[in-house]
Every structure is written in structure tokens, then in C-alpha cells.
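We did not get these values from a lab; they are worked out from the coordinates using the rules stated. From a predicted model like this one, the values you see are computed outputs, not experimental measurements. With ideal geometry, Cβ positions are generated from the backbone for all residues, glycine too; neighbour counts draw on all protein chains shown.
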Amino acid sequence: MAQLRMMYLVPNKEDTVVPQPVEGFRVRVYRDEDVAAYSALRVSVNFGAWDAAEANKYRYGKAVTDGMLVCEELSTGKLVASASLEHSDYSDRPDIGGIGWVMADPAYQGKRLGRWVCEEVQALAVVHPTAFRRMVLLTDDFRLAAIALYLKTGWVPLMFEEDMPGRWQEICRNLKRDYATLPKMWSIDDDIHC
């Protein structure tokens with residue numbers, strides 16, 4: 001079964017949501033010395049540890065330049081959330097970017113740090129030289145909290161396989177949302193439909 005995909009239509013600069021900082025934290029670009037803390041964050045959300053080679057392969061390959069963002073707790077220096085602006089798997093479509101490795105330490109749940117880093121990546125897509133017009137993400141059916149966050153920040157389900165409507169109906173039931181009013185896209189070039 002394929003992972004779910006969601007699309008985001010990158011707005012014009014004047015229509016961009018301005019990310020709201022969270023007191024006591026800052027969002028910044030990932031640095032070489034972050035590898036151990038970043039790996040610990042990955043482990044906290046069950047993504048698996050990365051060493052420096054894996055982090056650099058992603059940072060200098062899939063992620064765009066300065067697109068790997070981390071959220072740091074100012075009082076401790078601990079990395080508590082992350083998201084990255086990345087090149088998509090649609091290699092024939094340079095206008096489509098992606099957001100990847102979205103995570104927030106469960107110990108900091110409810111502080112809206114995951115939302116903040118997502119909004120920072122979405123805002124970066126507007127001004128980044130890559131000039132993405134659309135973005136895609138991959139997620140899993142069971143990641144309900146993440147899906148709820150994506151829906152709140154403007155992401156739309158991409159119905160790219162026959163089983164997608166049924167899967168999204170089940171997700172909507174679990175999220176107590178009305179599937180009929182859920183915005184949807186049927187292809188990567190489609191407009192948003194309800």
C-alpha cells in the first residue's frame with residue numbers, strides 16, 4: 001500500500017502565512033554540530049537514528065540549500081522539532097518541491113512547534129530561489145496528529161490511486177471531519193476540489 005500524498009499550492013509572497021514564533025524557542029537552519037541532537041529527535045518520533053553521513057546525504061541531496069530547519073529550545077539548546085524544504089520525487093517537475101521529515105518531540109506536544117516549523121518551510125518555499133509552485137509530502141494513514149496539522153496548514157489530499165478515497169474517508173472518521181467537505185486534488189496539476 002502506497003504512502004499517502006498531500007499537496008500544497010505555494011501562495012504568492014503577499015498571501016503567505018506569517019509563522020508565529022513560540023516564546024522560548026527559535027527556528028534556524030540545521031548545522032553540522034546538530035547531528036547527535038537531530039538524531040535524538042528522530043528517535044523520539046520513531047523515525048530512526050541518523051549518523052553524520054546520513055544527515056549530510058539528505059542535507060546536500062534531497063533538501064534544498066538551507067532548507068533543513070530545526071526548532072531549538074533556547075534554555076537548553078535541545079532540538080525539539082524539525083521540517084525541511086526539499087526537492088520532490090517528481091524529477092521531471094522542478095516546480096514541485098516537498099516538505100520532509102516533519103517531527104516534533106512528543107515531550108513538547110501542545111506547544112505548536114510542529115506547526116511552526118511547517119509554516120516556516122511553507123514560507124521558505126515562497127522566497128527560495130527554487131521557485132516551487134506546489135509542494136508534496138508523504139505520510140501514513142496512522143499519523144493522525146500529523147495529518148490534522150497538515151490539513152490545518154493548507155495541505156490537501158492527493159487522490160492518486162483508487163484506494164485513496166476510502167482511506168481518506170477512514171481518516172476523516174478518525175479525525176471527526178466531514179469527508180464530503182474535505183478539499184482534494186486528483187492529480188498533481190489539478191485545482192483543489194471539495
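Yes/no matrix, rows are residues, columns are (1) touching a Ser or Thr at 6+ places or on another chain (Cβ under 9 Å); (2) closer than 21 Å to Leu149 by Cβ; (3) of a type in the set (Asp, Glu):
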site	(1), (2), (3)
Tyr8	yes, yes, no
Asp15	no, yes, yes
Val22	no, yes, no
Arg28	no, yes, no
Val35	no, no, no
Ser39	no, no, no
Arg42	yes, yes, no
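Of all residue pairs spaced 6 or more apart or on separate chains, those with beta-carbon atoms under 7 Å, a first member in region 141-166 that is at positive phi and a second member that is surrounded by 14 or more Cβ atoms within 10 Å (Cβ to Cβ) and of a type outside the set (A, V, I, L, M) are Gly154/Tyr8. One residue stands out among those in region 95-147 that are farther than 21 Å from Asn46 by Cβ and of a type in the set (Gly, Ala, Ser): the one that is surrounded by the most Cβ atoms within 10 Å (Cβ to Cβ), which is Gly97.
Of all residues in region 101-120, those satisfying the criterion of being in contact (Cβ under 8 Å) with a residue 40 or more places away in the chain and small (Gly, Ala, Ser) are Ala104, Ala107.
Set side by side, the residues Val64, Val80, Val35, Val29 differ, and just one is within 30 Å of Ile171 (Cα to Cα) and of a type outside the set (D, E, K, R), which is Val80. Looking across Ala53, Ala49, Ala36, Ala81, one residue alone is without any contact (Cβ under 8 Å) to a residue 40 or more places away in the chain and in contact with a helix residue (DSSP H, G or I) (Cβ under 6 Å, 6 or more places away or on another chain). It is Ala49. Among the residues of region 11-27, those that are under 19 Å from Ser82 (Cβ atoms), surrounded by 15 or more Cβ atoms within 10 Å (Cβ to Cβ) and out of contact with any Pro (no Cβ under 8 Å at 6 or more places or on another chain) comprise Pro19, Val22, Phe25.
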